[in-house]
Amino acid sequence: MKDKTEKAGEQPPTVDERYTQWKSLVPVLYDWLANHNLLWPSLSCRWGPQFEQATYKNRQRLYLSEQTDGSVPNTLVIANCEVVKPRVAAAQHISQFNEEARSPFVKKFKTIIHPGEVNRIRELPQDSKIVATHTDSPDVLIWDVESQPNRHATLGVNNSRPDLILTGHQDNAEFALAMCPSEPFVLSGGKDKSVVLWSIHDHVSTLAGADQGETKSPGSGAGNSKPSAEGPTVQARGVFQGHDDTVEDVQFCPSSAQEFCSVGDDSCLILWDARAGSSPAVKVEKAHNADLHCVDWNPHDVNYILTGSADNTVRMFDRRNLTSGGVGSPIHIFEGHAAAVLCVQWSPDKSSVFGSSAEDGILNIWDHERIGKREDGASRKAPTSPPGLFFRHAGHRDKVVDFHWNVADPWTIVSVSDDGESTGGGGTLQIWRMIDLIYRPEDEVLDELDKFKSHLLTCS
């Protein structure tokens, strides 16, 4: 929803006041919303494959984690999610939820005992039952979640055995993780200031027990540290050096498995081309005024790259013109958050739309094509939203640590927040879709409303 801008001298609303206002508007702003109170915090949420289509809803896998306090093991969770189709849910039903309850739309399907807490989950686009995870170690763990056995998370049980362990980092790699959309490649960044690339091409079809290509047994000396879990290891295809501090996020170019980008705590955005060697192809100094936390590359137009930072902004860069005077020169700076931006992602449904989530508990939806287009209409209304911002999801009450657009269900988003203290649990998972009148073309919406108006007049 769009917040009212505070008048000069007025105090901004408290988190609870903002949430109460948001919940009162759920029937107006949302086509569908499911609220799921988590038992343990999850630092990541990702859509898996859709496996059933019905008249009024679809069923789809959802990947989550459980970051526990040590009384039970950390887990990777595979859930079955029922996604209600557009214009099916009744407005009064989607707003009547209990913040402290589990949602009937989200059911745990399988539990994997994970070696260490799960910091990030990424699925392989060509086969989304293949999942990569980051934990507090130098290794990337690969899981075939459908073939992994279901485990009971009780204290003292052995860890599940990953299908592959990717080695190559010299220090912990905790967050930066990406899977290539065109080839079975994996990309990671870590505290060793390196970006590391792997190919799992030879192992995707026969992950468990594969003994070919670059695979070595755990005791064969692959990598420079003891793997964080038992399982076959794969050595790096390439190690790329250019950052001066921890690499916080990485992303592949959607049109090339050999090109990728990374951001880090050195305030740099770096573009890489594996065909040209292990040095940066382009290094953008001072891409932001603080640490960079996240990056995404537009799947519809490969010239556009988004970055999010601890300076509370999202910046959009054109790779054809990245710098000016030796520092980053973004096309636009999006200012709509009151705290550090944690996650940015382009929409799969419209090339100019993207989302951003932050430590302020807000998930903003932007359309960069709207910048400058509604000045005349907006000038009659005071005050206006930040340029490009057209929807504000305020259903979380603490930092929104991750979100993911659903490729199988247009305009549907899953988001997760670390707001356990407010909800009496481990955090909040929400699956939601804004009402289509908000994002559809204006003339199309007016035509529909006109037909509705005519129908009412006829009935009267």
Inset, instruction - Considering only segment 16-37, state which residues are over 26 Å from A79 (Cα atoms) and open to solvent by 10 Å² or more (accessible area, probe 1.4 Å). - result: D16, E17, R18, Y19, T20, Q21, S24, L25, P27, V28, L29
Legend entry - Of all residues in segment 411-453 being open to solvent by less than 20 Å² (accessible area, probe 1.4 Å) and among the hydrophobic types (A, V, I, L, M, F, W, C), the one that is farthest from K350 (Cα to Cα): L429
Inset, instruction - Examine segment 138-146 for a residue that is of a type outside the set (G, A, S), free of Cβ contacts under 8 Å to residues at least 60 places away in the same chain and open to solvent by less than 20 Å² (accessible area, probe 1.4 Å), and state whether such a residue exists. - result: yes
Legend entry - Selection status of S160, assigned to a loop (DSSP other than H, G, I, E, B), modelled with pLDDT of 95 or more and within 27 Å of C261 (Cβ to Cβ): no
Inset, instruction - Would you mention how many residues in segment 82-107 are under 25 Å from the mean Cα position of the chain (by Cα) and assigned to a helix (DSSP H, G or I)? - result: 1
Inset, instruction - Would you confirm whether any residue within segment 184-199 is open to solvent by less than 10 Å² (accessible area, probe 1.4 Å), among the polar types (S, T, N, Q) and at pLDDT 95 or above? - result: yes
Inset, instruction - Please specify each residue of segment 94-116 satisfying the condition of being within 16 Å of P41 (Cα to Cα) and open to solvent by 20 Å² or more (accessible area, probe 1.4 Å). - result: E99, E100, A101, R102, K108, G116
Inset, instruction - Give the residues of segment 407-426 that are in a loop (DSSP other than H, G, I, E, B) and closer than 14 Å to W32 by Cα, sorted by residue number. - result: D409, P410, W411, T412
Legend entry - Failed item in (1) part of a loop (DSSP other than H, G, I, E, B); (2) surrounded by 15 or more Cβ atoms within 10 Å (Cβ to Cβ); (3) not small (G, A, S), with L76 passing the rest: (1)
Inset, instruction - State whether the residues of segment 292-305 include one that is among the hydroxyl-bearing types (S, T, Y) and either within 19 Å of N364 (Cβ to Cβ) or under 24 Å from the mean Cα position of the chain (by Cα) (or both). - result: yes
Legend entry - Looking only at segment 200-220, and only at residues there that are outside any loop (DSSP other than H, G, I, E, B) and surrounded by fewer than 23 Cβ atoms within 10 Å (Cβ to Cβ), the one that is modelled with the highest pLDDT: H201
Legend entry - Any chance K286 is at pLDDT below 95, out of contact with any helix residue (DSSP H, G or I) (no Cβ under 9 Å at 6 or more places or on another chain) and in a loop (DSSP other than H, G, I, E, B): no
Inset, instruction - Go through the residues of segment 71-91 one by one and say whether even a single one is acidic (D, E) and at pLDDT below 95. - result: no
Legend entry - Subset tally (residues that are charged (D, E, K, R) and touching a helix residue (DSSP H, G or I) at 6+ places or on another chain (Cβ under 9 Å)) for segment 121-178: 1
Legend entry - Odd one out for D296 among (1) of a type in the set (D, E, K, R); (2) buried (at least 20 other Cβ atoms within 10 Å of the Cβ); (3) part of a loop (DSSP other than H, G, I, E, B): (3)
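The rows are residues; the columns are (1) aromatic (F, W, Y); (2) open to solvent by 50 Å² or more (accessible area, probe 1.4 Å).
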| site | (1), (2) |
| --- | --- |
| V284 | no, no |
| N303 | no, no |
| F317 | yes, no |
| C343 | no, no |
| V353 | no, no |
| D360 | no, no |
| I371 | no, yes |
Inset, instruction - Would you please name the residue that is surrounded by the fewest Cβ atoms within 10 Å (Cβ to Cβ), looking only at residues in segment 319-341 that are in contact with a Gly (Cβ under 9 Å, 6 or more places away or on another chain) and more than 23 Å from H396 (Cα to Cα)? - result: H332
Inset, instruction - State whether the residues of segment 38-50 include one that is touching a residue at least 60 places away in the same chain (Cβ under 8 Å), outside any strand (DSSP E or B), crowded, with 17+ Cβ neighbours inside 10 Å and over 17 Å from the mean Cα position of the chain (by Cα). - result: yes
Inset, instruction - State whether the residues of segment 229-240 include one that is modelled with pLDDT under 95, open to solvent by 10 Å² or more (accessible area, probe 1.4 Å), within 16 Å of L124 (Cα to Cα) and touching a Pro at 6+ places or on another chain (Cβ under 7 Å). - result: no
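The values are calculated or read from the model by the stated rules, or taken from the named source; none is laboratory data. Everything quoted here is computed from the prediction, not taken from an experiment. Every residue, glycine among them, receives a Cβ derived from its backbone with ideal geometry; neighbour counts consider all protein chains shown. Just so you know, the surface numbers come from the protein's heavy atoms only, side chains and all, with ligands and any DNA or RNA stripped out. Shrake-Rupley method; radii C 1.70, N 1.55, O 1.52, S 1.80 Å.
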